[in-house]
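The values are calculated or read from the model by the stated rules, or taken from the named source; none is laboratory data. The structure presented is a predicted model; accordingly, all values stated were derived computationally and were not measured. Here the Cβ is made from the backbone with ideal geometry for all residues, glycine too, and neighbour counts use every protein chain on show.
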């Protein structure tokens, strides 16, 4: 009888246990469903915010479209009208301006689009603002694969004053060669030298200011991160860019020497740029011109030497820091620099600030110096003297070079004398 009663109790408890188990599963399912809905809702909100920021970046640029700068009226609009009157791409056989054919490919393309001239021309540069923001995102993502820091970097690029003023207000095209330069920088950081050199070739084929990044390739060649076979891709890319106009009848020598003919076009120590030469009288151009070139070359050689003699693996952060130093220091010491020639430094300063947040102030300093250099050219008013703005760039150079030396030669705030002495005794073969 006792066995029967035990079995009856066990039989009665089974449904209760089953119900409890089912209820537990339901609670768990509801819990995970709630979490999933919260995550999905949060994701939707994030997507909405991202979309809103991108839309605002575009609307900001659209608001500047009616403005016609002096450069737009004197050059870009005339080039557009000439190319449209001479058959779009067929006009590439003519020597139109002091740019390479690469820029005129874009102008020729938009002559076939039935939209207002100023919209199509500024639209080229605006489009590359977003390309530039995309590569800024990718570069920062190499350090922060998760989270929002890469997106913050791209947003800062889109809303940086010198970036949207350059494209949407001024109708300049510095964002185009810088976008290709940023792509090359990204591929260098990912150790993909073929693609990097191809992108640098595109950048240099667009504007000569891309040469400010070329010492980085020299450094990496010395450290055996890139080889001559990779570097050959740069002139090959340029030859490919100029080949179509050659086929249409333009002189090959003329196409090869575009940058040579452009040198000396503006004989001045500095043209509204916050450089070293703001502290010297422009009347001394003929005496000091070559001194600036020598200073810039010496700066490159010293920095390459500092990096080369240190037997340290080339990290992505080191590549970015070197790029930042070169795009600051070379235009700072070279003569005949325009105010826009720190554009690449503006961009890389923002990327570097997101990559190394403790030095975020460098982006503010560089942006401020560039922006206040734009104002006298665009609006004929001076807020701060160029003599003072040059100190901002010099300060940024000193800090970045100090950071480089600290990262290479110091460990925990102390000079790593043992390793430095060993490297001096056993130089790299």
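Of the residues making up segment 98-106, not a single one is surrounded by 15 or more Cβ atoms within 10 Å (Cβ to Cβ), touching a residue at least 24 places away in the same chain (Cβ under 8 Å) and more than 25 Å from the chain's Cα centre (by Cα).
Counting the residues of segment 329-358 that are surrounded by fewer than 24 Cβ atoms within 10 Å (Cβ to Cβ), outside any loop (DSSP other than H, G, I, E, B) and touching a strand residue (DSSP E or B) at 6+ places or on another chain (Cβ under 8 Å) gives 1.
Scanning segment 215-253 for residues that are without any contact (Cβ under 8 Å) to a residue 40 or more places away in the chain and under 26 Å from residue 305 (Cα atoms) yields a total of 13. Comparison of 234, 253, 228 shows that the only residue that is in contact with a helix residue (DSSP H, G or I) (Cβ under 8 Å, 6 or more places away or on another chain) and surrounded by fewer than 20 Cβ atoms within 10 Å (Cβ to Cβ) is 228.
For the condition under 28 Å from residue 265 (Cβ atoms), in contact with a helix residue (DSSP H, G or I) (Cβ under 8 Å, 6 or more places away or on another chain) and either surrounded by 23 or more Cβ atoms within 10 Å (Cβ to Cβ) or not assigned by TED's automatic domain parsing to the domain that holds residue 165 (or both), residue 383 does not qualify. Just to be sure, is residue 125 on the phi < 0 side of the Ramachandran plot, part of a helix (DSSP H, G or I) and surrounded by fewer than 20 Cβ atoms within 10 Å (Cβ to Cβ)? Considered against the rule, which asks whether it is on the phi < 0 side of the Ramachandran plot, part of a helix (DSSP H, G or I) and surrounded by fewer than 20 Cβ atoms within 10 Å (Cβ to Cβ), residue 125 comes out as no.
Can you say whether residue 104 is in a helix (DSSP H, G or I) and in contact with a helix residue (DSSP H, G or I) (Cβ under 8 Å, 6 or more places away or on another chain), as far as the supplied structure shows?
Judged against the criteria, residue 104 is a match.
Against the criterion of being surrounded by fewer than 20 Cβ atoms within 10 Å (Cβ to Cβ) and over 26 Å from residue 223 (Cβ atoms), residue 361 qualifies.
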